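I have placed the structure first, in the form of structure tokens, so that the comments after it can refer back to it.
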Amino acid sequence: MSKVNVAIIGATGAVGTKILEKLLERKFPLNSIKLLASKRSAGKEIEISGQKFTIEEANPEAFEGIDIAFFSAGGNISEMLAEEAVKRGAVVIDNTSAFRMVEDIPLVVPEVNLDALRQHKGIIANPNCSTIQMVAALEPIREKFGLKRIVVSTYQAVSGAGVEAIDELESQSDQLQSRAEIEAQILPSAAGKKHYPIAFNVIPQIDAFDESGYTLEELKMMNETKKIFGMPNLQVSATCVRLPVVTGHSESLYLEVEDENVTVEDIHEVLRGAESIVLQDDIQTQTYPMPLFAEGKDEIFVGRVRKDPDHANGFHLWIVADNLLKGAALNSVQIAERLVEIETSID
Ligand SMILES: NC(=O)c1ccc[n+]([C@@H]2O[C@H](COP(=O)([O-])OP(=O)(O)OC[C@H]3O[C@@H](n4cnc5c(N)ncnc54)[C@H](OP(=O)(O)O)[C@@H]3O)[C@@H](O)[C@H]2O)c1
């Protein structure tokens, strides 16, 4: 697999367009690229990094001759078409939640569990955006000091809910400026019965509610984290919240390490040397991560490291990353890059 025939399904979406951008920017060894979306978009032209591409309709035949297929068109489309792509010889990298918790499908963050990639049987799952930035930031801490418990609250951007949610925040901001009536049709969940304004608001619901009282987004963070770390008994609890920010998810994290003698400087030291992590933590200069400055960046930013004064093992962290890049498109492209390396070394 030295030159790769690639397809992107959901190529007109918030994540799909970033996958194409990253493939071009990182000079992924492309032989050909096919952009797929719904029937509505077939024939439409899009321009990315100065190159023009024509969108085709996604259907089973579109996967003939494809080596790697990036799926980013929603879980139902992945359930319908991923196996069709695999049947035709493609490896699927799936950005949706369709296969993440299937036991023998690897759920991969290259900085954390690259080895899992070698076990794939045609489908590789890309984790939830909030999970990726959390586990990548925690991995160096977990490796050095052990990990017992995570309590996380997220502050998630609207682009996490796709292009329609970005449009909704922008139009509601205009409606507020002109004192027009606010129209809410997408958030907190497009498929839900009730919608709330996101402009100048905070919504403590992402995705639908489960009967446990948690939302599906919260359960994704909890279950995916255990699977990626290979720690089924890790204690993880999440509260996921939507904010009027266009791009960049933030997370306030409380963690308990195994080791009782860890200091803030110890945590700083492991984070400073960690892959994909940038430490931004200096209270003298008011330096800490913020989504406005993480947008468009590949790295995960960590700051506000504090030791719990009442618990020797407890620490607080603040983690920020671009949800469309490391949280989705970049992680998928990194998986594809590693896949090509592995397959080329076998050839
Ligand atoms: N946004 C994030 O931060 C993020 C992060 C991780 C994972 N994800 C997951 O990635 C997926 C896409 O998210 P997104 O934010 O990019 O959504 P989006 O902006 O709403 O884009 C959806 C894409 O799916 C395509 N699509 C819809 N119906 C289709 C059909 N019947 N056949 C083929 N293509 C179809 C759309 O094409 P048309 O333009 O033709 O409608 C569009 O390209 C979702 O499952 C989401 O949960 C998103």
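Quick one: in region 75-96, of everything that is assigned to a loop (DSSP other than H, G, I, E, B) and buried (at least 21 other Cβ atoms within 10 Å of the Cβ), which residue is farthest from the chain's Cα centre (by Cα)?
Across region 75-96, the extreme among qualifying residues is ALA90.
Return yes or no: is HIS195 closer than 30 Å to ALA180 by Cα, touching a residue at least 40 places away in the same chain (Cβ under 8 Å) and surrounded by 16 or more Cβ atoms within 10 Å (Cβ to Cβ)?
Considered against the rule, which asks whether it is closer than 30 Å to ALA180 by Cα, touching a residue at least 40 places away in the same chain (Cβ under 8 Å) and surrounded by 16 or more Cβ atoms within 10 Å (Cβ to Cβ), HIS195 comes out as no.
SER159: assigned to a helix (DSSP H, G or I) and modelled with pLDDT of 95 or more, yes or no? If you could, list the steps in order and put the result at the bottom.
Numbers: assigned to a helix (DSSP H, G or I): yes; modelled with pLDDT of 95 or more: yes.
The answer is yes for SER159.
I need a count of the residues in region 103-120 that are part of a loop (DSSP other than H, G, I, E, B) and within 18 Å of the chain's Cα centre (by Cα). Break it down stepwise before answering.
The initial filter retains those residues of region 103-120 that are part of a loop (DSSP other than H, G, I, E, B), namely 103-106, 108-109, 120.
Those left that are additionally within 18 Å of the chain's Cα centre (by Cα): 105-106, 108-109.
Final tally of qualifying residues: 4.
Determine, yes or no, whether PRO188 is surrounded by fewer than 13 Cβ atoms within 10 Å (Cβ to Cβ) and in contact with a strand residue (DSSP E or B) (Cβ under 7 Å, 6 or more places away or on another chain).
No; evaluated as a whole, the condition is false for this residue.
Could you please find all residues in region 121-145 being more than 16 Å from the ligand (Cβ to nearest atom) and in a loop (DSSP other than H, G, I, E, B)?
Across region 121-145, the qualifying residues are LYS121, GLY122.
Here are SER78, SER97: which of them is within 14 Å of the ligand (Cβ to nearest atom), assigned by TED's automatic domain parsing to the domain that holds ALA42, touching a residue at least 12 places away in the same chain (Cβ under 8 Å) and closer than 18 Å to ALA7 by Cβ? Before you say what the answer is, go through the steps one by one.
Working: SER97 fails: closer than 18 Å to ALA7 by Cβ.
Step by step, each of SER78, SER97 is checked, and only SER78 is within 14 Å of the ligand (Cβ to nearest atom), assigned by TED's automatic domain parsing to the domain that holds ALA42, touching a residue at least 12 places away in the same chain (Cβ under 8 Å) and closer than 18 Å to ALA7 by Cβ.
From THR285, THR344, which residue is hydroxyl-bearing (Ser, Thr, Tyr), modelled with pLDDT of 95 or more and either within 25 Å of the chain's Cα centre (by Cα) or surrounded by fewer than 20 Cβ atoms within 10 Å (Cβ to Cβ) (or both)?
Every option except THR285 fails the conditions.
When only residues in region 15-29 that are without any contact (Cβ under 8 Å) to a residue 40 or more places away in the chain and either more than 16 Å from ILE93 (Cα to Cα) or among the aromatic types (Phe, Trp, Tyr) (or both) count, which is surrounded by the fewest Cβ atoms within 10 Å (Cβ to Cβ)?
So, considering only residues that are without any contact (Cβ under 8 Å) to a residue 40 or more places away in the chain and either more than 16 Å from ILE93 (Cα to Cα) or among the aromatic types (Phe, Trp, Tyr) (or both), the one surrounded by the fewest Cβ atoms within 10 Å (Cβ to Cβ) is LYS27.
Report yes if GLY43 is more than 16 Å from the ligand (Cβ to nearest atom) and more than 24 Å from the chain's Cα centre (by Cα), otherwise no.
On the way: more than 16 Å from the ligand (Cβ to nearest atom): no; more than 24 Å from the chain's Cα centre (by Cα): yes.
In short, no.
If I filter region 163-182 down to residues being buried (at least 19 other Cβ atoms within 10 Å of the Cβ) and of a type outside the set (A, V, I, L, M), which single residue comes out as farthest from GLY13 (Cα to Cα)?
Once the filter is applied, the top-ranked residue is GLN172.
Hey, can you tell me all the residues within region 204-233 that are within 16 Å of the chain's Cα centre (by Cα) and β-branched (Val, Ile, Thr)?
Scanning region 204-233 gives ILE206, THR225, ILE228.
Can you find a residue in region 4-13 that is away from the ligand (no atom under 16 Å from the Cβ), within 25 Å of the chain's Cα centre (by Cα) and assigned to a strand (DSSP E or B)?
yes
Just the residues that are in contact with a helix residue (DSSP H, G or I) (Cβ under 6 Å, 6 or more places away or on another chain) and farther than 30 Å from PRO29 by Cα, please, taken from region 285-314. Show your work before the answer.
Filtering region 285-314 for residues in contact with a helix residue (DSSP H, G or I) (Cβ under 6 Å, 6 or more places away or on another chain) gives 298, 300-302, 305, 307.
Result: VAL302, VAL305, LYS307.
Do we have ILE55 as in contact (Cβ under 8 Å) with a residue 12 or more places away in the chain and assigned to a strand (DSSP E or B) here?
So ILE55 fits the description; yes.
The values are calculated or read from the model by the stated rules, or taken from the named source; none is laboratory data. Just so it is clear, the structure is predicted and the values come from calculations on it, not from any experiment. Cβ coordinates were reconstructed from backbone atoms using ideal geometry, including for glycine residues, and neighbour counts include every protein chain displayed.
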